[in-house]
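*Asks:* Could you have a look at this structure, given as structure tokens, before my questions?
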Amino acid sequence: MTLVKTANLVMYATGDTAVFTMTLSNSGNVTASITSIQDSLPAGFTYVSTGGGTLAPTSSPANGSSGTVTWSFSPATTLAPNASATLVFRSKV
């Protein structure tokens, strides 16, 4: 499994909303179970919302969270071999 995080911009100013896309890929030969995804927000960023990706977590970080944030999947979601899925979230600077 690999997890790659990309951002919609390279630089942000105070008050900007950043859109991050996390792409989870299963390069293995067996189906993977996903129970949670964790990410560290950049310094000065706070979590706003999740939506627009192919993954649908059952719980998301609280609005205004900073530091390490976690999305949970209950029951666990699965990712087939050689498949990818995305989690898109917004964060305020």
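*Asks:* Which one is farthest from Ala76 (Cα to Cα) among residues in the stretch 8-41 that are part of a strand (DSSP E or B) and open to solvent by 50 Å² or more (accessible area, probe 1.4 Å)?
*Replies:* Thr17
*Asks:* Related question: Quick one: which of Gly53, Gly64, Gly44 is touching a residue at least 24 places away in the same chain (Cβ under 8 Å), open to solvent by less than 50 Å² (accessible area, probe 1.4 Å) and either of a type in the set (Lys, Arg) or not in a strand (DSSP E or B) (or both)?
*Replies:* From the options Gly53, Gly64, Gly44, the qualifying one is Gly53.
*Asks:* Going through the stretch 30-58 one residue at a time, which ones are over 18 Å from Lys5 (Cβ atoms) and modelled with pLDDT under 95?
*Replies:* Ala56, Thr58
*Asks:* Taking the stretch 1-31 as the region of interest, how many residues are of a type outside the set (S, T, N, Q), touching a residue at least 12 places away in the same chain (Cβ under 8 Å) and touching a strand residue (DSSP E or B) at 6+ places or on another chain (Cβ under 9 Å)?
*Replies:* Residues in the stretch 1-31 being of a type outside the set (S, T, N, Q), touching a residue at least 12 places away in the same chain (Cβ under 8 Å) and touching a strand residue (DSSP E or B) at 6+ places or on another chain (Cβ under 9 Å): 13 in total.
The values are calculated or read from the model by the stated rules, or taken from the named source; none is laboratory data. Nothing here was measured: the structure is a model prediction, and the numbers come from that model. Because the Cβ atoms are built from the backbone with ideal geometry, glycine has one as well, and the counts that use them run over all protein chains shown. In case anyone asks, the SASA skips ligands and DNA or RNA and just uses the protein heavy atoms, side chains included. Shrake-Rupley method; radii C 1.70, N 1.55, O 1.52, S 1.80 Å.
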